[in-house]
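Asker: Submitted below is the structure of interest, expressed as structure tokens.
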Amino acid sequence: MNKEKVLRRLVIKAFHINKVELGDENSISESLLMIDKKISKELVDNEELIEDININIIKPNQHNIYINTIMDIVPISTKVLGKIGEGITHTLTGVYVMITGADSKKKQMHEFGSSEGILKEQLVLDKAGTPSKDDYIIHFDVTLKPDIPYERKLPLSAFRASDEFIQGIRAILKELDGRDSTESHEYLDKIRPDSKKVVIVKQIAGQGAMYDNQLFSDEPSGVLGGKSIIDVGNVPMIISPNEYRDGALRAMT
């Protein structure tokens, strides 16, 4: 009988966050995530299409607030060892980043339907890919310059700025001692010679300005270093279970 062969080993270590606050620098200590409140100006200066960025903390069960169109919900994860799909990944639980956007004339960042309005009416909590009612949400609201033709460069500037912001948190997360993680999970990509071959087909969008997907960025669910599914021609891709689990696919819709 042929034996199983392990192709990839991925360990994800989670650090739970109980509180998020704005402060003078990024830090993680005793389940408290501190966000540098001064970073907005630097991010705006780095993106010529962005007029302003406002970063707020939405506390659990405080979702009765007005927001611009939701562009993405992003987990905060980083590679500590290896590349996407293998090695060690650190991730934060209890907190997500929510990107919203409009231009300075209140034109929303959307294509086939906007989602501006009261947050609790626009975001379904406690689902796969969304925060729970007990999670903190870092609200990253982007104001783009007005009267610019709606092209991919507009939402991409918002996604780049948010990725640079998250990278500042990732840098702190990388340095945490894995032995202090709240929980740790090991995942193995295996070849089982005598078993059935199973392929899961996932259809993703690759068109227009907002319906883009990044593949194999440098960081889990990141932007930098990734390839756009549009730019590679919407060709089929084979992704291992651990690559998918580790954030190889970033849906920017």
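Readers should treat all values here as calculations from the given coordinates under stated rules, not as data from a laboratory. Just so we're clear, the structure is a prediction, and the values are computed from it rather than from any experiment. All Cβ positions, even for glycine, are placed from backbone atoms using ideal geometry, and neighbour counts span all protein chains on display.
Asker: Based on the Cβ-Cβ distance of residue 224 and residue 4, what FRET efficiency does E = 1/(1 + (r/R0)^6) give at R0 = 41 Å, to the nearest 0.05?
Answerer: 0.70
Asker: Here's another thing I want to ask about it. Over the range 86-167, what is the percentage of antiparallel beta bridges among all DSSP beta bridges, to the nearest 5? Don't skip to the end; give the middle numbers.
Answerer: Values: 1 of 10 bridges.
So the antiparallel bridges amount to about 10 percent of the total.
Asker: Further question: Pop a pseudo-label 7 angstrom from the Cα along the beta-carbon direction at both residue 207 and residue 134 and give the gap in nm to one decimal.
Answerer: 4.2
Asker: If contacts are Cα pairs under 8 angstrom and at least 6 residues apart, what is the relative contact order of the range 68-127 in percent? Could you put the intermediate results ahead of the total?
Answerer: Numbers: 80 pairs, mean separation 23.1, N = 60.
Relative contact order of the range 68-127: 38 percent.
Asker: Nearest 5 is fine: what % of DSSP beta bridges in the range 1-134 come out antiparallel, could you say? Mind dumping the intermediate values first?
Answerer: On the way: 15 of 27 bridges.
Among the beta bridges of the range 1-134, antiparallel pairing accounts for roughly 55 percent.
Asker: Hey, in the GNM for the chain with a 10 angstrom Cα cutoff, which one of 75, 193, 60 fluctuates hardest?
Answerer: Most flexible of the set in this elastic network: 193.
Asker: Let me ask something else. Under 8 Å for C-alpha pairs, at least 6 residues apart: give me the relative contact order for the range 154-238, rounded to a whole percent.
Answerer: Details: 46 pairs, mean separation 20.4, N = 85.
Across the range 154-238, relative contact order equals 24 percent.
Asker: Next up: With the crude spin-label approximation of a point 7 Å out along Cα→Cβ, what separation in nm comes out for residue 122 versus residue 253?
Answerer: 1.8
Asker: Here is the link list: 79/202; 37/120; 37/106; 120/145; 13/106. Which ones come out longer than 30 Å on Cα distance? Intermediate values should be presented prior to the final figure.
Answerer: Details: 79/202 24 Å; 37/120 25 Å; 37/106 24 Å; 120/145 28 Å; 13/106 40 Å.
Pairs exceeding the cut-off: 13/106.
Asker: Given the rule -39500 (n - 2.57) for each run of at least 4 DSSP H residues, summed and divided by the residues of the chain, what is its mean residue ellipticity at 222 nm, to the nearest 500 deg cm²/dmol? List each step's numbers first, then the result.
Answerer: Numbers: 4 runs with 38 residues, N = 253.
Calculated from helices alone, the mean residue ellipticity at 222 nm is -4500 deg cm²/dmol.
Asker: With r defined as the distance between the Cβ atoms of residue 237 and residue 186 and R0 fixed at 22 Å, what FRET efficiency is calculated, to the nearest 0.05? Show your work: numbers first, answer last.
Answerer: Values: r = 25 Å, r/R0 = 1.14.
Given R0 = 22 Å and the Cβ-Cβ separation, E is 0.30.
Asker: Mind jotting down the distance between the C-alpha centroids of the range 78-137 and the range 42-70, whole Å?
Answerer: The two parts, judged by their Cα centres, are 12 Å apart.
Asker: Could you work out the relative contact order of the chain? I mean the mean sequence separation of Cα pairs under 8 Å and 6+ apart, divided by the number of residues, in percent.
Answerer: 27 percent.
Asker: Given bins 10 angstrom wide, list per bin the percent of all Cα-Cα distances in the range 18-83, short to long.
Answerer: Here the calculated profile for the range 18-83 is 15, 38, 38, 8, 0.
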